[in-house]
Amino acid sequence: MSLIQVSSLNNVKTYDLAGGARLPQFAADRAKVGAKRGLHARPGAQGSTRHVEVLQDLDFPGACQRARFSADGEYFMATGCYPPQLRIYELRQLSMKVKRHIDAELVQFQILSDDYRKVALLRADRTVELHAQYGVHFKTRIPSFGRDLQYEPATCDLLCAGAGPEVWRLNLAEGRFREPLSTGCAAVNVLARSSAHGMLAVGGEDGVVECLDPRAPARLGLADCGAALPDGALGG
């Protein structure tokens, strides 16, 4: 049985393809409210629905390299190329809040505040940029080409590692470099910091993982992960 409404005038039939049973306006509004509430319902719970929200303008001309959420969960940041740029999205509005173009390719970035107001960017030309709400606040350079970036909120130290055995510490409260942390790696590829006790893990390009305490120069431990890999897995 067809649900298409058909009307006839002077022996000419007209088919209403948009017709049929329709919900009254108050029922349609109630269905929309129920769909939004279904986002927070337990999976499989009665009344829960599958709902997808699209973040507008989330694309880059070339590629997206890094992405992070702010600590308060209100903002999403991503870096990409080409040209190099940082994009900040406000999740409540599902839209882009600001787009900032950078002078060189971005390697890594860290969010320094709970929201979008303070960000540190590590560029491929050994430059570290500090951004505030209004834009670029300060620029400086590190002695070696950087590969990773971490932030220690307890001491306000921005930790930079790269093509060298040192982990450079830029103190943002005093505005100067502190004595770097020394590692046994020929070069450092990645940094990881524990939010529980502040221990710093350093991953070297030779497959060695070292654990450091930023408050003391002594090394806490070492794991030679490269020794368990077959020959040539680390590029010789």
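Values in this text are rule-based calculations from the coordinates and carry no lab data. As the structure is a prediction and not an experimental result, all values here were calculated from the model. Neighbour counts run over all protein chains shown; Cβ positions are idealised from the backbone, glycine included.
For the peptides 100-107, 7-14, residues were scored by their other Cβ atoms within 10 Å and the scores averaged per peptide; the highest-first order is 100-107, 7-14. Would you work out if segment 78-137 is rounded, prolate or oblate? Take a ≥ b ≥ c from the square roots of the eigenvalues of the alpha-carbon gyration tensor; rounded if a/c is under 1.5, else prolate when a/b is larger than b/c, oblate otherwise. Because a/c hits 1.5 or more and a/b fails to exceed b/c, segment 78-137 counts as oblate.
Computed packing ranks the peptides 56-69, 165-178, 139-152 as 139-152, 165-178, 56-69, most packed first, by mean other Cβ atoms within 10 Å.
Note that segment 142-156 has calculated 3J(HN,Hα) couplings of 9, x, 10, 5, x, 10, 8, 9, 9, 10, 9, x, 5, 10, 6 Hz, one per residue in order, obtained from phi through the Karplus relation 6.51 cos²θ - 1.76 cosθ + 1.60 (θ = phi - 60°); glycine and proline are x.
Taking a ≥ b ≥ c as the square roots of the eigenvalues of the Cα gyration tensor, segment 159-200 is classed as oblate, since a/c reaches at least 1.5 and a/b does not exceed b/c.
3J(HN,Hα) along segment 76-87: 10, 10, 8, 10, x, 8, 9, x, x, 7, 10, 10 Hz, from the Karplus curve 6.51 cos²θ - 1.76 cosθ + 1.60 with θ = phi - 60°, whole Hz, x for Gly and Pro. Oblate is the label for segment 104-202. Its Cα gyration tensor axes, ordered a ≥ b ≥ c, give a/c of at least 1.5 and b/c at or above a/b. Using C-alpha pairs below 8 Å separated by at least 6 residues, the relative contact order for segment 63-194 is 13 percent.
Would you mind counting up the charge near Gln85? Only other residues with Cβ under 13 Å from its Cβ, with Lys and Arg at +1 and Asp and Glu at -1. Every neighbour counted, the sum reads 0.
Across segment 165-172, computed HN-Hα scalar couplings (Karplus, 6.51 cos²θ - 1.76 cosθ + 1.60, θ = phi - 60°) run x, 8, 10, 7, 10, 9, 7, 7 Hz from first to last residue, x flagging Gly and Pro. Under 5 Å from the amide H of Gln108 lie the amide H atoms of Leu122, each residue being 5 or more positions distant or on a separate chain, with H modelled from the backbone and absent for Pro and chain starts.
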